[in-house]
Amino acid sequence: MIREFTKYYRAHVPLFLLDFGSAFLASLLDLVFPKVVNIVIDDLLPQRNIQLVIRIGIFLFFLYIIRYILGYIVHYYGHTLGTKIEYDMRQDLFNHIQKLSFTYFDNNKTGHIMSRIVNDLNEISELAHHGPEDLFIASVTLIGTFFILLNTNWQLTLLIFAIMPFMAWFSISKNQQMEQAFRNTRLKIADINAQLEDSISGIREVKAFTNEDYEKIKFQFGNEGFRQAKQKAYKTMAEFFSGMDFLSNFINLVVLIAGGWLCYSNMMTTGELVGFLLYVSMFLQPLRRIMSLLEIYQSGMAGFRRFREIMEIEPEIVDKPGAIPLDKVRGNIVFDNVAFSYDNKTEVFSNISFKINAGETVAFVGPSGAGKTTLASLIPRFYEIEEGAIYIDGIDIRNVTQKSLRQNIGIVQQNVFLFTGTVRDNIAYGKPDASDEEIIKAAKKANAHDFIMELENGYDTYIGERGVKLSGGQKQRLAIARIFLKDPPILILDEATSALDNETEQIIQESLFALSKNRTTLIIAHRLATIRHAGRIFVLTKDGIVEEGSHQELISKQGLYYRLYNAQFGS
Ligand code: ADP
Ligand code: MG
């Protein structure tokens, strides 16, 4: 785990050395002051050598300016280092999540995933900066001070060190409690995020069912859990810090009394006592630093552990070592005895075989839940099949890169996802380097140009989150324009018009028909009227493909298709 962490320093070695070196020098300088006070009180003041005192003052002043510069470097560049490391990790995490397969997203809530990227990494920058620096510096100061103390007065030093173990025990046990408490708060905030994502994405449902109060209570529950967890964390923190305050005051008290007695007995000078007191308070500083470092370490490491957990999830579907890029295909698709299940237990289908010729339009119909969407998502290899093989132009899709495979396929679904951005951005998602002419041409083909021109800012109109300002038909037309731009040889229309009213559906059908020209097209549809362009129809049920043929053939067969057709259109 530590090695995984230190790996991130490699890219920032100069910055790290600058920070580290400055912190080291700063802590050495800090050791000078009490010694100087000691000398001034014991030697210079009795000699009444004010000139030397002033000279020492000037010397100290310059020393403090250097100390100031070092301090600035430590605080600024140290945190810069931490932030850079956090940036690298966040980027790595995002890139990794992009690589994960659909199964991961099926099984994890968006809010939880977001929480990892946003919150868990927050404290890592603190750890990355303070971790190595403080540990080393504090140790240097600690050891340095210890020897100076011992040199000044060993009896008093031993007395203090008799109290130390108790202090160490106290802080270690309190720190363990704090770790537990902070881990708990982190879990609770992830819950809040998930809850938030749910209520906000589903705001239409919430309002339509007037379930605002229900959502409020659910949120309050999560919020309350977080509050309690946080309160508990602060309670242990309060116990820790006030306890440490008390113990350090107590040590000062012991030094004052015992040292006073030593002075009284002429075993120690006044200057030594003052210097000793200053060193003792300095001694407590690195000790506290190590303690608070423990806290940073706890929360940072907890975040890092969760970071690693995701980084260690292997994408389920990866390109084969020798995977070749698939050129623009002709679009011949073959399913050869394909078996698939989402969970390796219940198979959605066990033995599907069919052939689709390049440029052909076929339809898949069947009851809801039969596996039509699933079947379509196997072609771009969104999920891995268990048995059999899928070939495109005779090439097993497992032998080609996922990127090149998916570049050959366009999918239009019932629910269009539009990204935050302009109309132009959303169409150009199909081909990010498209020129304006290309975008307009695609929009025209999709019957979208006219309505886009009527929008306030035309192609530059900003679409709200998830495109709430557009109607279903308009969104669908943008999605179609996107595919025109992408221009894939294979097209999958999965219930593309199911959510639309009849009139809109007619218009969209035209665009879809234009889109399907010269492409291998799979139409998945509930409404049988929408598949009239399909040359062949496959009827898919839980038992697999039960019927296959043209509309006429299937009608005359008087099987399941015939019954579905009659149910929708009467006899
Ligand atoms: P259709 O599109 O024909 O309505 P689907 O392909 O969506 O059917 O679903 C087929 C079966 O697979 C259903 O039983 C459904 O519950 C299940 N299913 C669909 N998507 C997933 C998923 N992401 N994870 C697990 N099971 C799923
Ligand atoms: Mg479906």
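The values are calculated or read from the model by the stated rules, or taken from the named source; none is laboratory data. What you see is a predicted model, and the numbers here were worked out from it, not measured in a lab. So basically every Cβ, Gly included, is an ideal-geometry build from the backbone, and we count neighbours across all protein chains shown.
See the values below:
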| item | result |
| --- | --- |
| Matching residues in region 152-171 - criterion: being in contact with a helix residue (DSSP H, G or I) (Cβ under 9 Å, 6 or more places away or on another chain) and either acidic (Asp, Glu) or without any contact (Cβ under 8 Å) to a residue 24 or more places away in the chain (or both) | Thr157, Leu158, Phe161, Met164, Ala168 |
| Residue match in region 428-438 (condition: outside any strand (DSSP E or B), of a type in the set (Lys, Arg) and touching a Pro at 6+ places or on another chain (Cβ under 6 Å)) | no |
| Qualifying residue in region 214-222 (condition: small (Gly, Ala, Ser), in a helix (DSSP H, G or I) and within 30 Å of Met164 (Cβ to Cβ)) | no |
| Residue in region 294-310 that is assigned to a helix (DSSP H, G or I), closer than 19 Å to Ile160 by Cβ and not β-branched (Val, Ile, Thr) present | no |
| Residue in region 203-226 that is surrounded by 13 or more Cβ atoms within 10 Å (Cβ to Cβ), within 27 Å of Phe417 (Cβ to Cβ) and charged (D, E, K, R) present | yes |
| Pairs where the first residue, in region 96-110, is within 13 Å of Met311 (Cβ to Cβ) and the second is more than 11 Å from ligand 1 (Cβ to nearest atom) and in a helix (DSSP H, G or I), C-beta under 6 Å, 6+ apart | His96/Met311 |
| Residues (basic (Lys, Arg) and closer than 22 Å to Leu491 by Cα) located in region 296-343 | Lys328, Arg330 |
| Unique residue being touching a Lys or Arg at 6+ places or on another chain (Cβ under 8 Å) and buried (at least 20 other Cβ atoms within 10 Å of the Cβ) when the list is Ala481, Ala534 | Ala481 |
| Residue selected from region 355-376 under the condition on the phi > 0 side of the Ramachandran plot and within 16 Å of ligand 2 (Cβ to nearest atom), by the criterion surrounded by the most Cβ atoms within 10 Å (Cβ to Cβ) | Gly366 |
| Filter result (touching a Lys or Arg at 6+ places or on another chain (Cβ under 8 Å) and under 17 Å from Lys328 (Cβ atoms)) within region 380-398 | Pro380, Asp393, Ile397 |
| Any chance Gly260 is at pLDDT 80 or above, among the small types (Gly, Ala, Ser), farther than 23 Å from Phe170 by Cα and crowded, with 20+ Cβ neighbours inside 10 Å | no |
| Residues within region 318-354 that are within 16 Å of ligand 1 (Cβ to nearest atom), among the aliphatic types (A, V, I, L, M) and surrounded by fewer than 17 Cβ atoms within 10 Å (Cβ to Cβ), tallied | 1 |
| Matching residues, region 254-292, being assigned to a loop (DSSP other than H, G, I, E, B) and without any contact (Cβ under 8 Å) to a residue 60 or more places away in the chain | Ser265, Asn266 |
| Top-ranked residue in region 316-354 [being under 31 Å from the mean Cα position of the chain (by Cα) and within 16 Å of ligand 2 (Cβ to nearest atom); ranked as farthest from Ile545 (Cα to Cα)] | Tyr342 |
